[in-house]
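> Can you keep this structure in mind? I'll have questions shortly.
The values are calculated or read from the model by the stated rules, or taken from the named source; none is laboratory data. Just so we're clear, the structure is a prediction, and the values are computed from it rather than from any experiment. Cβ placement follows ideal geometry from the backbone for every residue including glycine, while neighbour counts extend to all protein chains displayed.
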Ligand SMILES: Cc1cc2nc3c(=O)[nH]c(=O)nc-3n(C[C@H](O)[C@H](O)[C@H](O)COP(=O)(O)OP(=O)(O)OC[C@H]3O[C@@H](n4cnc5c(N)ncnc54)[C@H](O)[C@@H]3O)c2cc1C
């Protein structure tokens, strides 16, 4: 009797430096590899819809993973149903004895693992660290005792040696004879493809981008350029591949160390590592706080004084606010699925502090749009900006006029993205100064 294993891919869409996949390759005789994409409603109206940019990058990542798996004797099946019911059906159908996956900061994913563990005590579950620079086993404190600020976290983890990435397994156990993969590519949700996207998904493209970045001398000046608003070279642009797991942070770190050894080591190269530690901080922050990552009061005891105003929200999404720099950023995001770190800070600060909107709606909009959407980094950074997260300063309100002078002194970015073509009115009122409640008409004003 063969032991059958199941590998549940999530945000680890790669075969290189995938410790859980290596373990599965050593422990079972037959293996089924799946990715679950629950039915999503397409279009901007629904809270669980994904933008065309996200769908395109995800599809490319899945095609890339499938082709890597095929070279190892396996293949991927994408199932358009929620993970819990999908896995439960596969357990019954194929007598699964072991389930593997990469540790995740995603509360929803961890809830599924918990339910499966409770429901199937005879199955072996292996959720193995692989998505962060520093694994949970290397942390010098339990996750529950994660320091309350990034600086304290950084001081504790900086002495830790980052492990080398693992190579891909030589081969993988075959699928059971009675498990045929579906025609998932044909059934993939429809989207309007972008013929010249900024980024193309998949492990192969991620490695190519990583090597291309370090083949130039960009890393040597990263610290001084990283606040740019437009272009490919001012920051690393590793995030889309990191967020989808096409690249592991340890693979990035290995390339960074190589650059430091053979080209140059300076403040800027250190700062790339520093930013990757921010990413790790938010992963553990999400794990520690669980569902509070999404709650209005965040990790604080009090609720912010903001609310939801449909017209303001729509205007912000469309880039039609009285703030040209914010409009330019939102139009850039809508047209490409990417926004600079500076741009994200400005649009989030505007959302919360100028428009007085409930930060969760802003976070949910970026979740739909960003190619590099990462649950921990997105919701964690929004909490920080909204004053309900891990910020010792309380909250971050940016002076948008001052920021424009510093980062777009000649208004080139604003002109390029048509940020000045906007409404000067935030809330529509009728002749008697009453709010116009028809938000569709009002948003066009
Ligand atoms: C409101 C808001 C929402 C955000 N949402 C996301 C998100 O969904 N996904 C995401 O990956 N990042 C998010 N970020 C963090 C950051 O803006 C992006 O990681 C960065 O802009 C990606 O571009 P890059 O790869 O060129 O970054 P670089 O500046 O080159 O940084 C290198 C890497 O460090 C990590 N990093 C950098 N800054 C941060 C940060 N503040 N928090 C966490 N990790 C960081 C990323 O993995 C990034 O790829 C958000 C920031 C804000 C303010």
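> Tell me which residues, restricted to the range 205-248, are farther than 30 Å from residue 8 by Cβ, outside any loop (DSSP other than H, G, I, E, B) and within 20 Å of the chain's Cα centre (by Cα).
Those that are farther than 30 Å from residue 8 by Cβ, outside any loop (DSSP other than H, G, I, E, B) and within 20 Å of the chain's Cα centre (by Cα): none in the range 205-248.
> Okay, moving on. Among the candidates 391, 372, which residue alone is away from the ligand (no atom under 11 Å from the Cβ), assigned to a loop (DSSP other than H, G, I, E, B) and under 22 Å from the mean Cα position of the chain (by Cα)?
391
> Going residue by residue through the range 319-338, is there one that turns out to be within 14 Å of the chain's Cα centre (by Cα) and in the same structural domain as residue 419 (by TED's automatic domain parsing)?
Yes, the range 319-338 has at least one match.
> Kindly establish whether residue 351 is in a loop (DSSP other than H, G, I, E, B), outside the structural domain of residue 149 (by TED's automatic domain parsing), surrounded by 17 or more Cβ atoms within 10 Å (Cβ to Cβ) and within 15 Å of the ligand (Cβ to nearest atom). Even if it seems obvious, please write down each step before you answer.
Numbers: in a loop (DSSP other than H, G, I, E, B): no; outside the structural domain of residue 149 (by TED's automatic domain parsing): yes; surrounded by 17 or more Cβ atoms within 10 Å (Cβ to Cβ): yes; within 15 Å of the ligand (Cβ to nearest atom): yes.
The answer is no for residue 351.
> Hey, does the range 430-437 have a residue that's crowded, with 16+ Cβ neighbours inside 10 Å and either under 22 Å from residue 240 (Cβ atoms) or away from the ligand (no atom under 13 Å from the Cβ) (or both)?
Of all residues in the range 430-437, those crowded, with 16+ Cβ neighbours inside 10 Å come to none.
Within the range 430-437, none of the residues are crowded, with 16+ Cβ neighbours inside 10 Å and either under 22 Å from residue 240 (Cβ atoms) or away from the ligand (no atom under 13 Å from the Cβ) (or both).
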